[in-house]
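Worksheet for the structure shown next.
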Amino acid sequence: MMRGHFKCMAALLLLSFLSSLIHTEAGQEIPGQEIWYHTGYPGGVEGPRRGMSALTGPTKMPAIFDAVWRNRLVEPKNLHTDSPAVQGRSPAAPPIDLESLRAAHTDRYLKAVLTGEPRNLALSQGLPLWNQAIARGWLLNVGGLSAACEAALRKRRITGNLGHGYHHASMDRGMGFCTLNGLAIVALKIIREGKANRVMIIDLDQHEGNGTADILLGEPQIRHVSIYGSYMGGPPAAANNHVFQVQHGAFPGETERDANYLSITSMTLPGLLRSQNPDLILYQAGMDPHDGAGISARALAIRDAYVFALARSMHIPVTWVLAGGYSDLDTLVQLHTGTVRMANEVLARVKPGDRVDLRGKNPYDWSVQEKVVIFPDWKSILNKNPGISRPDSMTDAQVQEFVAARQRLFRDQRLPKEEVQAAYQGLFLVKP
């Protein structure tokens with residue numbers, strides 16, 4: 001009996017010790033990140049476990065959610081989901097509202113997305129099929145992102161959505177497996193509702209966020225930053241559209257290639273953040289630089305930590321979303337859960353107002369010492385000029401012309417509100 005008593009006491013002491021690790025020196029519990037996921041996000045789609053596929057995104061979402069919950073990366077109360085597997089969960093978010101959809105996409109395109117007709121427009125993103133469950137998944141996905149952003153603003157913390165930003169979707173059609181541009185929809189919604197005055201979208205996917213730029217170019221309260229390897233036909237740089245193409249191929253060695261990518265990220269983001277001082281960052285944490293450009297998993301993990309730490313040092317809340325990645329499913333789960341782990345680590349180690357300094361020597365290590373967050377000096381590690389190119393910039397007159405053309409497109413494709421409303425509501429009618 002005594003031996004059992006001591007074992008029980010030891011277990012309680014260990015539990016108390018582990019619990020103390022998530023408290024600050026002042027004894028205040030560090031607010032953990034909150035994550036949104038609805039089992040309807042994938043729309044019942046299940047694709048191959050390997051290779052580049054239109055079905056990769058929907059297939060990986062439930063696998064990533066399962067890994068997050070199985071490994072207890074988030075407390076149950078901070079997991080907003082409808083999954084019965086999570087006891088003590090918080091409610092999932094509702095679908096995104098129609099008004100917010102109509103602010104970013106044309107009525108004609110929305111009707112096709114919501115009804116499946118005309119089929120060529122409904123499937124313009126490249127998916128092989130349309131059905132109501134898939135369409136509902138798109139709406140739930142953006143609804144989760146919206147709720148995550150509102151929580152980040154309200155609670156001044158890091159939040160995430162285990163869905164996608166869908167950055168290739170433009171005003172009137174999809175592209176690259178992206179149907180509804182959640183990044184643009186939610187950024188416009190937050191500004192329109194007065195929940196923020198300035199929003200920055202940081203897109204670190206391998207592919208340029210061309211659709212986001214199409215929708216948001218000329219919006220003075222929203223800045224779009226896209227650091228990419230593959231150009232996707234987006235508009236040139238402008239006052240609120242900051243685009244940087246990384247020349248990955250100029251660096252054959254992995255460490256050198258990683259240092260080049262990370263040096264460009266660290267040279268670009270601080271100045272842009274200081275100049276705008278956004279109320280919120282929407283962070284598209286793409287993992288396809290791994291399979292698309294040979295960037296290592298370690299580099300992507302410290303990239304995420306750097307973005308989160310930089311934002312936290314500036315008192316800026318962040319909402320992150322999944323993005324590209326086309327490796328085998330097990331690798332994708334490890335890469336994407338790395339974003340969750342880095343957010344947890346930054347919340348536990350970095351305090352608002354801590355200073356970020358680039359003077360570390362190991363390209364994959366970071367530390368916190370006396371209110372200074374020390375990341376590697378990637379530019380010195382690279383020891384040569386970074387491989388980067390910037391597109392030509394648009395003049396103010398060209399931006400105005402672009403915005404006017406976009407407004408004409410919305411007018412030309414406007415439908416009676418009742419018609420679009422009926423298409424939206426039709427997705428949620430209970431069939432007899």
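Any read-out appearing in this document is the output of simple, stated calculations on the displayed coordinates, not a laboratory observation. Note that the coordinates shown come from a computational prediction; the quantities given were computed from them, not determined experimentally. Cβ coordinates were reconstructed from backbone atoms using ideal geometry, including for glycine residues, and neighbour counts include every protein chain displayed.
Write down the radius of gyration of the range 106-196 and its Dmax, each obtained from C-alpha positions, in Å.
So, for the range 106-196, Rg and Dmax equal 13.8, 43 Å respectively.
Just tell me which aspartates and glutamates come within less than 17 Å, Cα to Cα, of Lys379; anything on the same chain fewer than 8 places away is out.
Within the straight-line limit of under 17 Å, Lys379 reaches these aspartates and glutamates: Glu254, Glu256, Asp258, Asp357, Asp365.
With only alpha-carbon pairs counted, each pair once and no self-pairs, how large is the Kirkwood hydrodynamic radius of the range 91-150 in angstroms?
12.1
Using per-residue counts of other Cβ atoms within 10 Å, averaged over each peptide, order 110-120, 395-405, 222-232, 202-212 from highest down.
Going from most to least packed, we get 202-212, 222-232, 110-120, 395-405.
Ranked from highest to lowest mean number of other Cβ atoms within 10 Å per residue, what is the order of the peptides 252-259, 306-313?
Result, highest mean Cβ count within 10 Å first: 306-313, 252-259.
Take each complete run of DSSP H in the chain, measure how far its Cα atoms stretch along the helix's own axis, and keep only those covering 20 Å or more with mean Kyte-Doolittle hydropathy at least -1.0; list them.
2-20, 56-70, 132-155, 254-276, 297-313, 329-349, 396-412
Taking each pair of distinct Cα atoms in the range 191-340 once, what is the resulting Kirkwood hydrodynamic radius in Å?
Working: mean 1/r = 0.0641 Å⁻¹.
After inverting the mean inverse Cα-Cα distance, the result is 15.6 Å.
So which of Lys111/Lys417; Lys195/Lys371; Lys77/Lys195 end up more than 19 Å apart, counting from Cα to Cα?
Result: Lys195/Lys371; Lys77/Lys195 exceed 19 Å.
Can you show me the helix-derived [θ] at 222 nm for the chain, built from DSSP H runs with n ≥ 4 at -39,500 (n - 2.57) apiece and divided by the number of residues, rounded to the nearest 500.
Helices in the chain give a 222 nm mean residue ellipticity of -14500 deg cm²/dmol.
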